[in-house]
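Since the structure comes first, as structure tokens, the remarks are kept for the end.
The values are calculated or read from the model by the stated rules, or taken from the named source; none is laboratory data. These numbers come from a predicted model, not from an experiment. Here the Cβ positions follow ideal geometry from the backbone for every residue, glycine too, while neighbour counts run over all protein chains shown.
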Amino acid sequence: MSNIDSDQSKKILYLDVGNSSIKGAFRQGLHWETIHPKGEFTASDLLKWIDDHSEKFSEIIVSGVRKDVLDAIKMNMSKVPLREVTIKDVPRNLLDYETINSLGIDRFLACYGATDQTSRSVVVIDAGTAITIDYMDQDDLYQGGVIAPGFSHFMDILPDKAPALPGIDLDIPKIWPGKSTIDSLKWGQTGFYKMALEKMLTKYEEEFGHYELFITGGNGSLIEALIDREAKLRPFLVFDGMERLVKAIS
């Protein structure tokens, strides 16, 4: 019997609708528990799963960047009360951003979850389909960031566009510059990505001073290993931020 089946108290289910997948989790004591072994769902799989486990949840709270998927979930969800959290729910005094209506709420939520775990300003790397590198100060003021292709998509560019080039592993050569085609490709892909990330992190230091670095997202562990920075790997930052925001505005 799973933990969810053996737990008699109803939970709040949190859903994060990303660009390419849906993640769901609920609180189990002090920890988050995902609702899928891989941590991700398609919309149809998610709706079936919730229908099969609807008696276990008192409420579903959802946020995300895919309006079409959010609309499908809302249209087909009838057994459990559902609440959508959007960027309009974020207090305006917490956003130093010019185009608020186009700000993906997951970027704010990940930072908001991180600042709840430290007394310092934070930079949050969310490594998914896209990679975002965002800054929030110690007073929870979100101040924007960077959006770039995710690591997996970046690494697919040359194989897709120049298939005659050899494939490479993800390690970085010890000798600069590359003395072989393989090593040159490693510097131009893995090395290029690593150096770009570290330059961005240095630029935040130059602009704002010291901060605490958090990493989240599906490729979070890969990015943590790639960069030469002390960081806290927190897979559930978006859920942490969602839970915190809902409590703040309720």
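Kindly establish whether Gln143 is closer than 22 Å to Ile249 by Cβ, touching a strand residue (DSSP E or B) at 6+ places or on another chain (Cβ under 9 Å) and assigned to a loop (DSSP other than H, G, I, E, B). Answer is no for this residue.
Select from region 96-113 the residues that are charged (D, E, K, R) and part of a helix (DSSP H, G or I) and write down the one among them that is surrounded by the most Cβ atoms within 10 Å (Cβ to Cβ).
Step one: filter region 96-113 for residues charged (D, E, K, R), giving 96, 98, 106-107.
Still in the list and also part of a helix (DSSP H, G or I): 106-107.
Values: Asp106: 26, Arg107: 24.
So, considering only residues that are charged (D, E, K, R) and part of a helix (DSSP H, G or I), the one surrounded by the most Cβ atoms within 10 Å (Cβ to Cβ) is Asp106.
For region 193-228, a tally of residues being within 19 Å of the chain's Cα centre (by Cα) and among the basic types (Lys, Arg) returns 1. Check region 43-66 and report whether any residue there is closer than 16 Å to Arg244 by Cβ and out of contact with any strand residue (DSSP E or B) (no Cβ under 8 Å at 6 or more places or on another chain). Checked region 43-66: no residue is closer than 16 Å to Arg244 by Cβ and out of contact with any strand residue (DSSP E or B) (no Cβ under 8 Å at 6 or more places or on another chain).
Just the residues that are outside any helix (DSSP H, G or I) and either out of contact with any Phe, Trp or Tyr (no Cβ under 7 Å at 6 or more places or on another chain) or surrounded by 23 or more Cβ atoms within 10 Å (Cβ to Cβ) (or both), please, taken from region 114-124.
Asp116, Gln117, Thr118, Ser119, Val122, Val123, Val124
In the list Gly104, Gly209, which residue meets the criterion of being among the small types (Gly, Ala, Ser), touching a residue at least 12 places away in the same chain (Cβ under 8 Å) and closer than 16 Å to Leu237 by Cβ?
Within the list Gly104, Gly209, the selection yields Gly104.
Scanning region 35-61 for residues that are at pLDDT below 90 and hydroxyl-bearing (Ser, Thr, Tyr) yields Thr42, Ser44, Ser54. Please tell me if Ser152 is assigned to a helix (DSSP H, G or I) and loosely packed, with under 15 Cβ neighbours inside 10 Å. When the stated conditions are applied, Ser152 passes them.
So, of the residues in region 125-141 that are closer than 26 Å to Tyr193 by Cα and without any contact (Cβ under 8 Å) to a residue 60 or more places away in the chain, which turns out to be surrounded by the fewest Cβ atoms within 10 Å (Cβ to Cβ)?
Restricting to residues being closer than 26 Å to Tyr193 by Cα and without any contact (Cβ under 8 Å) to a residue 60 or more places away in the chain, the top hit is Thr132.
Kindly provide the set of residues from region 163-189 that are of a type in the set (Gly, Ala, Ser), loosely packed, with under 11 Cβ neighbours inside 10 Å and over 31 Å from the mean Cα position of the chain (by Cα), ordered by number. Answer for region 163-189, where residues must be of a type in the set (Gly, Ala, Ser), loosely packed, with under 11 Cβ neighbours inside 10 Å and over 31 Å from the mean Cα position of the chain (by Cα): just Ala164. Put simply, of Lys74, Lys79, Lys23 the only residue that is assigned to a helix (DSSP H, G or I) and not β-branched (Val, Ile, Thr) is Lys74.
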